[in-house]
Amino acid sequence: MNIAHEPTPHDVFLNVRKAYRLLHDYQCMVLDIIRYIRSQLNVSQYGVREEFRYSSWENNALDRSSWAWLPMYQGWIYFWKEFENNRWLFLSFLVISDTGFIDATQVNGEDMVSDFTPAEKSSTKFAFMIHPGWEPLHVFLNDKPKMKAFINGDRNLPDGFIGNCYDMSCLTSELGADKIVKEIRDLARKNGWPLDYRKRPTEQSQPGSNSADQRTAI
C-alpha cells in the first residue's frame with residue numbers, strides 16, 4: 001500500500017484552518033445579503049434559528065450534533081412586525097448551505113454524513129417566505145420531503161405562506177439582491193401584506209441620500 005500521499009496531521013489541520021477562513025468569508029457574504037435586504041424593507045425586529053441548534057443549547061451543547069457548532073449550515077433569520085392588533089407579519093430567510101441532508105430524505109440522523117447526498121450533487125440555496133405565524137414554518141422546515149420539493153422549485157407552501165427559493169449564486173451581487181427585494185415586495189403587495197420599501201428607490205438614488213453609503217458590499 002502506497003501511503004506517500006496520505007495526509008499528515010500537519011496537512012489535516014492546515015486544511016481545517018483554511019476551511020474555517022473560507023466559511024468566515026461565505027457567512028460574511030450571506031449576512032451582507034440579508035442585512036442589505038433588511039435595509040430596503042420596512043421590517044426591523046428579528047430572530048435567528050438553526051436547524052440543529054436548539055434553545056438553551058449552551059446548557060447541553062456537548063450532547064448535540066457537531067452541526068450545532070457550525071452555524072449557518074442550515075438555518076433561518078426571521079423578521080416580524082405587527083400590522084394590526086395581534087396580527088403579525090413574518091419574513092423569513094432560509095440559508096441552506098448544503099442540501100445534502102435534505103436531499104437524502106431517508107437519512108434521519110444529521111451526523112450520518114456519509115449517507116448525505118454527495119457534495120458534488122448537492123446545492124447551496126437561499127429562500128424567503130412571507131407568512132402569518134411561526135408554528136407552521138417550524139413544521140414545514142422539519143418535513144424533509146416538502147423541503148426537498150421546495151428547494152427544487154415547488155412553491156406548494158403551507159396555507160397563507162408565499163415564497164421562493166434560489167441558488168445562492170444568484171445573490172452574489174447587489175443587482176441580484178435587488179431582484180429578490182422587488183419580488184418580496186411585489187408578492188407581499190399582491191397578497192395584501194403590509195411589506196414595502198423602507199424608502200422609494202427614487203429617493204435612495206437622490207444626491208445626498210445616505211442609503212447608498214449604508215449599503216453593504218456583497
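For K144, give me every one of the lysines with a C-alpha distance below 22 angstrom, ignoring sequence neighbours fewer than eight places off in its own chain.
In chain and number order, the partners are K121, K125.
Can you list the GluC sites (Glu not before Pro) in region 1-77 that are in a DSSP coil and have 16 or fewer other beta carbons within 10 angstrom?
Details: sites: E50, E51, E58; in loops: E51.
Counting only loop positions with at most 16 other Cβ atoms within 10 Å, none of the GluC sites (Glu not before Pro) in region 1-77 qualifies.
Need the list of lysines near K190 for cross-linking: C-alpha distance under 20 angstrom, and skip anything on the same chain fewer than eight residues off.
K190 reaches K81, K179, K182, K199.
Run through region 1-63 and list the chymotrypsin sites (Phe, Trp or Tyr not before Pro) located in a DSSP loop whose Cβ has at most 14 other Cβ atoms within 10 Å. Don't skip to the answer; put the middle values down first.
Values: sites: F13, Y20, Y26, Y36, Y46, F52, Y54, W57; in loops: F52, Y54.
Passing both the DSSP loop test and the Cβ count: Y54.
Which one is right for this structure if P(r) over Cα pairs in 10 Å bins from 0, in percent is calculated from it: (1) 8, 32, 34, 18, 7, 1; (2) 7, 29, 34, 20, 8, 3, 1, 0; (3) 8, 27, 40, 20, 6, 0?
So the structure-derived entry is (2).
Only sites in a loop by DSSP and with at most 16 other Cβ atoms within 10 Å count here; which trypsin sites (Lys or Arg not before Pro) in region 112-195 make the cut? Spell out each step's value before the answer.
Values: sites: K121, K125, K146, K148, R155, K179, K182, R185, R189, K190; in loops: R155.
Taking region 112-195 and a limit of 16 other Cβ atoms within 10 Å, the loop trypsin sites (Lys or Arg not before Pro) found are R155.
Each value in this text was obtained by applying a stated rule to the coordinates, not by laboratory testing. Keep in mind that this is a model prediction, so the values were computed, not measured. Using ideal geometry, Cβ is built from the backbone for each residue, glycine included, and neighbour counts are taken over all protein chains shown.
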